[in-house]
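The values are calculated or read from the model by the stated rules, or taken from the named source; none is laboratory data. Note that the structure is a prediction, hence the values are computed from the model and not measured. Backbone-built Cβ (ideal geometry, glycine too); neighbour counts: all protein chains shown. Only protein heavy atoms, including side chains, enter the accessible area calculation; ligands, DNA and RNA are left aside. Shrake-Rupley method; radii C 1.70, N 1.55, O 1.52, S 1.80 Å.
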Amino acid sequence: MHLVLAGAGHAHLEVLRHFARSPPDAGPARLTLVTPEATAIYSGAVPGVVAGLLPPTAAEIPLAPLLSDAGAEWIEDRVTGLDAGRRLLRLGRNPPLPYDLLSLDTGALPVTPPGTVPVRPWRGLFAALAALDPAAGRVAVIGAGAAGTELALALARRPGPRPLLLEAMPDVLPGLPAPFRARAERALRLAGVSWRTDFPVERLDDGALHGPESRMGQVALAIACTGTRPALDLRDSGLACDAAGFPRMDAALRSQSHHDVFGAGDGVAAGLPKAGVWAVRAGPVLADNLSRALLGEPLRPWEPQRQALILLGTGRGEAIGLWRGISFEGAWAWRWKRWLDGRFVRRYAGTGEG
Ligand SMILES: Cc1cc2nc3c(=O)[nH]c(=O)nc-3n(C[C@H](O)[C@H](O)[C@H](O)COP(=O)(O)OP(=O)(O)OC[C@H]3O[C@@H](n4cnc5c(N)ncnc54)[C@H](O)[C@@H]3O)c2cc1C
């Protein structure tokens, strides 16, 4: 059996680790990972890197040791399409790749207004920040969800004018409890980040961000942290997809239409919010069910715990948190976040932690 993993997302790191630890007869005869980068990036640590509080390596997971331990082959390429009926993956620069079993973890990308830079792929974000002339104007972050707010706080640590945070909804951190939002607004104020709500950005043009009724000028770079669309377009693949084009998975993380396709993370519709924590938690279930599918055993349905911890670094050595509706903040919360993020990276970067 040839198992192909598309994308080095968080869940697939666990799949590789799982097969590295499994007895040889429990794994696939051939295991292939298709992903364009030699390093996976752990997003939880990215704001700390952008703020200069953490070295770039704090967010990097080199794939070579994981691939070698799992006996997997790496195809350095992008998946560009899928013919699920013929079990063929289309690749950017390589011939089509046949599979017996396929797992998808290619993540999602922001919806990007013209002229703005998407927060991911990360390589584009890091290049845009490296090329930025601080004298050229402000950096604007579009989308004040958890990721956008934390990124704006991180950017405030960098040289140059204070960043700007824009949100289409009436509040920053829309949908999160008011006490948590109040803590975040205080942190934004302390960091000198100005924000504007009810401002759906339409485009960045000539140094100005345009909304339906007004514009905001002196913007050198606008980073989009808004909405999600699949990183891999699977609408013509034959897989059952939701209205936004995300392939629908069942409770066992198997495609609702094709029994030889599995998937997890932001790139699939599995009835979960789009956040790394769910991709991480899905990892062991996905790995176990891929093993079961290889062995022809019944799959194990997943009933995810619905609570997730949110920790946002303020860029000042503190973090704001939310757990079961209770908000909190402090330097201890930042140390906790660093420990959790570091543990994840160490687990997959081959530095030993189980
Ligand atoms: C600044 C920021 C901070 C965040 N912080 C947190 C946090 O603290 N906690 C949290 O829960 N969530 C956080 N998130 C959200 C989190 O990043 C995502 O939910 C998470 O990365 C989704 O994981 P994933 O496994 O679905 O895919 P990803 O991590 O996006 O990985 C997808 C992989 O697939 C590869 N890929 C993409 N397209 C293709 C293709 N066509 N062919 C082959 N490979 C492809 C990519 O290169 C990548 O390796 C943050 C997001 C941002 C932007």
Residue in the stretch 309-319 that is within 13 Å of the ligand (Cβ to nearest atom) and over 30 Å from Pro159 (Cβ atoms) present: yes
Among (1) closer than 24 Å to Val280 by Cβ; (2) surrounded by fewer than 19 Cβ atoms within 10 Å (Cβ to Cβ) - the single one Pro134 does not satisfy: (1)
Can you find a residue in the stretch 202-223 that is open to solvent by less than 30 Å² (accessible area, probe 1.4 Å), under 19 Å from Leu109 (Cβ atoms) and not in a strand (DSSP E or B)? no
Counting residues that are in contact with a Ser or Thr (Cβ under 6 Å, 6 or more places away or on another chain) and basic (Lys, Arg), which strands (runs of 3 or more DSSP E) fully inside the stretch 11-99 reach at least 1? 88-91
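Every residue, every condition in (1) free of Cβ contacts under 8 Å to residues at least 24 places away in the same chain; (2) away from the ligand (no atom under 12 Å from the Cβ); (3) not assigned by TED's automatic domain parsing to the domain that holds Ala240, yes or no:
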{"position": "Arg90", "(1), (2), (3)": "yes, no, no"}
{"position": "Arg93", "(1), (2), (3)": "yes, no, no"}
{"position": "Pro96", "(1), (2), (3)": "yes, yes, no"}
{"position": "Leu104", "(1), (2), (3)": "no, no, no"}
{"position": "Leu125", "(1), (2), (3)": "no, no, yes"}
{"position": "Ala131", "(1), (2), (3)": "yes, yes, yes"}
{"position": "Ala135", "(1), (2), (3)": "no, yes, yes"}
Quickly run through the stretch 56-111 and pick out the residues that are open to solvent by less than 20 Å² (accessible area, probe 1.4 Å) and of a type in the set (S, T, N, Q). Ser103
Could we say that Leu53 is open to solvent by less than 30 Å² (accessible area, probe 1.4 Å), more than 16 Å from the chain's Cα centre (by Cα) and not charged (D, E, K, R) here? no
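Residues that are surrounded by fewer than 19 Cβ atoms within 10 Å (Cβ to Cβ): list the strands (runs of 3 or more DSSP E) wholly contained in the stretch 255-354 that include at least 1 such residues. If you could, list the steps in order and put the result at the bottom.
Values: elements: 261-263, 310-313, 319-323, 326-330.
Fully inside the stretch 255-354 and qualifying: 310-313, 319-323, 326-330.
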